[in-house]
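Structure, as structure tokens:
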Amino acid sequence: MPGRKPLLEIVGLRTQFFLHEGVVTALDGIDFTVYEKESVGIVGETGCGKSMTAFSILRLVPGPGKITAGNIFFMEPQDVRQRRMQLEIEAQEWYRRSSLVEKKKLVALYDYRDTGRKKKAKKLTPAQIDKIVPPDRVPTGVTRYYLAQNAKTMPASDKVGRAAALFSFDLLTRTDDQMRSIRGKSISMIFQDPATALDPVFTVAYQLGEVISLHQGIYDRAVLDKKIEEVLKLVRIAAPVNVMKQYPHELSGGMKQRVMIALALSCSPSLLIADEPTTALDVTIQAQILNLLRDLMRTTGSSMMLITHNLGVVAEVCDRICVMYAGRIVEEAETFELFANPRHPYTAGLLAAFPKLGERKDELSVIRGTVPNLMRPFQGCAFVERCEKATEVCGEDMPRRVEISPGHFVSCHLWTGKEGPNVR
Ligand SMILES: Nc1ncnc2c1ncn2[C@@H]1O[C@H](COP(=O)(O)OP(=O)(O)O)[C@@H](O)[C@H]1O
Ligand code: SF4
Ligand SMILES: [Mg+2]
């Protein structure tokens, strides 16, 4: 998206759970960007990794889960981003030129953090190495090694310290203290069930006041009360002074969700992550909350990541949509484009299962089968067992992500042919 500034850029993010029974790969190398002042929808069936994406961004993945690869660049200045991308290309070329012995050394050094696999590098064949570190997708560890190796020949302004600083906008390199300050202040989250996120023993004013004091350093009671009243008005609570004195159990579901949104917006975050924010509410209240979120994003200039299993919700609110399946983003496009031209069979299936206004259908189609077990490593496309268009290659090779029209990305073998789309 030329001309638009990326706010959050996720590259090759992998999050895994290390259980006795095996390793669950909840996120398997996801890439996406949220630009300034836009709303991005993340959709997919339950269990496909939507919430883990949010928890990974906030570095709140519950144990025994761990982020094992990738980067989460947040609020990276444009010049730093450009230099980083340039360095990544240089590192890629340098890696491609390296000898097999050198590559093995690098894979042994950096494989673990970037792939979650521990392997004796000496025994690897070139093909196995290319699978671990795809030559067109050199992981950050290798880029950092390249920077360290070449520090001497770099201009003084770009020595290791500076070069390392290029990666410091990666949330994964932040300390726990820094993350605590980012959460709530720069990135805040609204959860599915407001009842669990609000503390039942404190009033609305107390809970909002605590967050505002912590992040904005306001302790004067009168100033704080004014501020609390303002945020409650912002989320269209009609009698803010009364609501301030109430406890969560005295509020309706819709009101609680408004208070949650007020909590999340009280420090004017750059990014709001809303995880199924309306699922627990009834349909009319859902519509009100969605309208509220859409209007708030416009007036505050924040960006939003809206997570939902409901395509109707993202259609209403989001500028762009990422469709997730089994821990990967399988299709990404602007909302209108995605609804008009779904290219991944899974997206097409989700849309067919979605009722359209003015269309009478006795039975909505459903996608046959269920989401696969994420403990099993996939050799090919994870959707293969449910896909009506699957061919032999689908079970063998993981489809690459290709841009089939500007801003429209899809990972499916139907679209990875050399001469363009294989099948219409
Ligand atoms: N505590 C956990 N232990 C093991 N696996 C987990 C845990 N939490 C989540 N997962 C795995 O991560 C996958 C994605 O979960 P989640 O992001 O919550 O899905 P969604 O929000 O899309 O419904 C799940 O299918 C599951 O396999
Ligand atoms: S890669 Fe093959 S199995 Fe996967 S969605 Fe495309 S056609 Fe279906
Ligand atoms: Mg979820």
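The values are calculated or read from the model by the stated rules, or taken from the named source; none is laboratory data. What you see is a predicted model; the values in this text were computed from it and never measured. Don't worry about glycine lacking a Cβ; one is built from the backbone with ideal geometry, like all the others, and counts go over all protein chains shown.
Tabulated data
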item	result
Scan of region 180-226 for residues that are touching a residue at least 40 places away in the same chain (Cβ under 8 Å) and more than 19 Å from TYR247 (Cβ to Cβ), ordered by number	ILE182, ARG183, GLY184, LYS185, SER186, ILE187, SER188, MET189, ILE190, GLN192, HIS215, GLN216
Helices (runs of 4 or more DSSP H) enclosed by region 320-424 - at least 1 residues per element that are at pLDDT 90 or above, among the hydrophobic types (A, V, I, L, M, F, W, C) and near ligand 2 (Cβ under 9 Å from one of its atoms)	392-396
So ASP79, is it free of Cβ contacts under 8 Å to residues at least 60 places away in the same chain and surrounded by fewer than 20 Cβ atoms within 10 Å (Cβ to Cβ)	yes
Filter result for ARG294 (closer than 25 Å to SER56 by Cα and either at pLDDT below 95 or surrounded by fewer than 22 Cβ atoms within 10 Å (Cβ to Cβ) (or both))	yes
Filter result (modelled with pLDDT under 95 and buried (at least 21 other Cβ atoms within 10 Å of the Cβ)) within region 56-70	ILE67, ALA69, GLY70
Condition met for SER39 (in contact (Cβ under 8 Å) with a residue 24 or more places away in the chain, crowded, with 17+ Cβ neighbours inside 10 Å, within 16 Å of ligand 3 (Cβ to nearest atom) and of a type in the set (S, T, N, Q))	no
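Each row is one residue, and each column tells you yes or no for (1) surrounded by fewer than 24 Cβ atoms within 10 Å (Cβ to Cβ); (2) assigned to a loop (DSSP other than H, G, I, E, B); (3) without any contact (Cβ under 8 Å) to a residue 12 or more places away in the chain.
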site	(1), (2), (3)
MET260	no, no, no
SER268	yes, yes, no
MET305	no, no, no
GLY312	yes, no, no
GLU316	yes, no, no
